[in-house]
1. So which residue, out of Leu30, Leu39, Leu68, gets the largest mean-square fluctuation from a GNM of the chain using Cα contacts under 10 Å as springs?
2. Only sites in a loop by DSSP and with at most 16 other Cβ atoms within 10 Å count here; which trypsin sites (Lys or Arg not before Pro) in the stretch 50-89 make the cut?
3. Quick one: net charge around Met69, please, counting Lys, Arg +1 and Asp, Glu -1 for every other residue with C-beta under 15 Å from its C-beta.
4. Go through Ser75, Cys109, Asn99 and say which Cα lies farthest out towards the positive end of the charge dipole of the stretch 47-119; charges sit on Cβ, +1 for Lys and Arg, -1 for Asp and Glu.
5. With the contact rule set at Cα under 8 Å and sequence spacing of 6 or more, what percent relative contact order holds for the chain?
6. Which far-off residues, 5 or more places away or on another chain, put their amide H under 5 Å from the one on Arg105, with H placed in the peptide plane?
7. Amide H to amide H under 5 Å from Asn99: which residues, 5+ apart in sequence or cross-chain, H placed 1.01 Å off N in plane?
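Please treat every number below as a calculation from the coordinates, not as lab data. Here the structure is a predicted model, which is why all the values come from computation and not from measurement. Every residue, glycine among them, receives a Cβ derived from its backbone with ideal geometry; neighbour counts consider all protein chains shown.
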Amino acid sequence: MHYGFVSRYHNSTYNAQQQTEAQSDARHALGAVDRLEDLMTRHALVLKTLLTFCEQKGLFKEPEFLKLMEEIDLSDGVADGRYKPQGQPRECVACGRKNRRTAMRCMYCGEDIKERDVM
Ligand SMILES: [Zn+2]
């Protein structure tokens, strides 16, 4: 017996399902990127406001601030212009995926991540 047609049918059904799942994953990823971009621009606004406020109040000068920033950058063991404290990834209660320990929202589904650290 020849089942070539059945095999082709199953392959095209499988491919269509894979395409639908890939499109869904892509929409999820784009949503996650949008949320991260919103969060980053919000953080940039808060940080700029805080720095401007502190400088206006005479709490520090920029060189002093940059020196402290370098120290904090080094405190995670890597001088890379970033601060990445060590710790276990946080699992999302909604989707079960792992997120950074400092995440406020799940980067996959947007769920609030409870018991989070301040920074
Ligand atoms: Zn999630």
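1. Result for the chain, Cα springs under 10 Å: Leu68 fluctuates most.
2. On the way: sites: Lys57, Lys61, Lys67, Arg82; in loops: Lys57, Lys61, Arg82.
Of the trypsin sites (Lys or Arg not before Pro), the ones in loops of the stretch 50-89 whose Cβ has at most 16 other Cβ atoms within 10 Å are Lys57, Lys61, Arg82.
3. Working: positive: Lys48, Lys61, Lys67, Arg82, Lys84; negative: Glu55, Glu62, Glu64, Glu70, Glu71, Asp73, Asp76, Asp80.
Value of the local net charge: -3.
4. Cys109
5. Details: 73 pairs, mean separation 19.5, N = 119.
This gives 16 percent for the chain.
6. It is Ile113, by chain and number.
7. Arg90, Glu91, Cys92
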